[in-house]
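Right, one structure below, let's go through it.
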Amino acid sequence: ILARVTVTGSNIRRSDGETPSPVQKLTAADIERSGYSTLGEVLQHISANNMGSLGQATPGAFGAGGSGISLRGLTVGATLVLIDGHRMASYPLPDDGQRDFVDIASIPVDAVERVEVLKDGASAIYGSDAMAGVVNVILKRSQQGSALHAELGSATRGDGRSAKVSGVRGFGDLDRDGSAGYLAVSARRQNA
């Protein structure tokens, strides 16, 4: 019996090491060890993400409040974001009023099993919005128990106070019951 293998960025199923640009995988454990509390922060700090990315506090951004990833410096509109291999809806305010992007900060980090980042152009497979690469967020299939996270912070001058609360609660057991579900929520507020 062969193990199930899924590769992001190719219509041909094969191992990651055979491709010219291997897929970078970030597991839930990697995300937790990073110390970042949102998926947006995690993806903002990978080496392939550089100029053109948007953070939730990017000054002067037209799409204020959203967080987008820009692989290889080709703007947020050239990086495709998928959830479980499916396209996600664009943020309602395009970057600079012209480039659609997916708000990665709207995905609760507690619901993420792993993130696969294809750092090479994949427009031949996915279309022009994947010129810089593809980010595929794989969500957990089930969650055992509950978890609650809280974070408070402020800038050195006492301004920019922020508060973040997130949690996840699992229901059922996929192996025992054949069905399971979970609810993951996250709320964040930051002052100027």
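Consider Ile125 against the criteria (1) among the hydrophobic types (A, V, I, L, M, F, W, C); (2) in a helix (DSSP H, G or I); (3) under 18 Å from the mean Cα position of the chain (by Cα): it satisfies all of them except one. Which criterion is unmet?
Of everything listed in (1) among the hydrophobic types (A, V, I, L, M, F, W, C); (2) in a helix (DSSP H, G or I); (3) under 18 Å from the mean Cα position of the chain (by Cα), Ile125 misses just condition (3).
Touching a strand residue (DSSP E or B) at 6+ places or on another chain (Cβ under 6 Å), modelled with pLDDT of 75 or more and more than 19 Å from Gln24 (Cα to Cα): does that describe Val102?
yes
Could you check Gly172 against (1) at negative phi; (2) surrounded by 14 or more Cβ atoms within 10 Å (Cβ to Cβ) and say which number it fails?
Checking Gly172 against (1) at negative phi; (2) surrounded by 14 or more Cβ atoms within 10 Å (Cβ to Cβ), the one that fails is (1).
Considering each residue of segment 128-152, count those that are assigned to a strand (DSSP E or B) and within 16 Å of Gly73 (Cα to Cα), and give that number.
The qualifying residues number 3.
Starting from segment 91-116, take each residue that is closer than 14 Å to Glu41 by Cα and list its partners that are assigned to a loop (DSSP other than H, G, I, E, B) and modelled with pLDDT under 65, counting only C-beta distances under 6 angstrom and pairs at least six apart or across chains.
Pairs that qualify, where the first residue is closer than 14 Å to Glu41 by Cα and the partner is assigned to a loop (DSSP other than H, G, I, E, B) and modelled with pLDDT under 65, are Ala105/Gln56.
Answer yes or no as to whether Ser162 is touching a helix residue (DSSP H, G or I) at 6+ places or on another chain (Cβ under 8 Å) and either open to solvent by 80 Å² or more (accessible area, probe 1.4 Å) or under 23 Å from Glu32 (Cα atoms) (or both).
Spelling it out, it is not the case that Ser162 is touching a helix residue (DSSP H, G or I) at 6+ places or on another chain (Cβ under 8 Å) and either open to solvent by 80 Å² or more (accessible area, probe 1.4 Å) or under 23 Å from Glu32 (Cα atoms) (or both).
When residues of segment 110-158 are filtered for being open to solvent by 30 Å² or more (accessible area, probe 1.4 Å) and among the hydrophobic types (A, V, I, L, M, F, W, C), how many remain?
Total meeting the criteria: 9.
Go through segment 153-170 and give me each residue that's touching a residue at least 12 places away in the same chain (Cβ under 8 Å), of a type outside the set (D, E, K, R) and part of a strand (DSSP E or B).
Scanning segment 153-170 gives Ser162, Ala163, Val165, Ser166, Gly167, Val168, Gly170.
Within segment 181-192, work out how many residues are open to solvent by 40 Å² or more (accessible area, probe 1.4 Å), over 20 Å from Glu32 (Cα atoms) and in contact with a strand residue (DSSP E or B) (Cβ under 7 Å, 6 or more places away or on another chain).
2
Results for (1) at pLDDT 60 or above; (2) assigned to a strand (DSSP E or B); (3) over 16 Å from the mean Cα position of the chain (by Cα), shown as yes or no for each residue.
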site: Asn11; (1), (2), (3): no, no, yes
site: Leu26; (1), (2), (3): yes, yes, no
site: Ile31; (1), (2), (3): yes, no, no
site: Ser37; (1), (2), (3): yes, no, no
site: Ile46; (1), (2), (3): yes, no, no
site: Ala57; (1), (2), (3): no, no, yes
site: Phe62; (1), (2), (3): no, no, yes
site: Gly77; (1), (2), (3): yes, no, no
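Within segment 139-156, can one find any residue that is hydroxyl-bearing (Ser, Thr, Tyr) and touching a helix residue (DSSP H, G or I) at 6+ places or on another chain (Cβ under 9 Å)?
Yes; the residues of segment 139-156 include at least one that is hydroxyl-bearing (Ser, Thr, Tyr) and touching a helix residue (DSSP H, G or I) at 6+ places or on another chain (Cβ under 9 Å).
The values are calculated or read from the model by the stated rules, or taken from the named source; none is laboratory data. Values in this document were obtained by computation on a predicted structure and should not be read as measured data. So basically every Cβ, Gly included, is an ideal-geometry build from the backbone, and we count neighbours across all protein chains shown. Just so you know, the surface numbers come from the protein's heavy atoms only, side chains and all, with ligands and any DNA or RNA stripped out. Shrake-Rupley method; radii C 1.70, N 1.55, O 1.52, S 1.80 Å.
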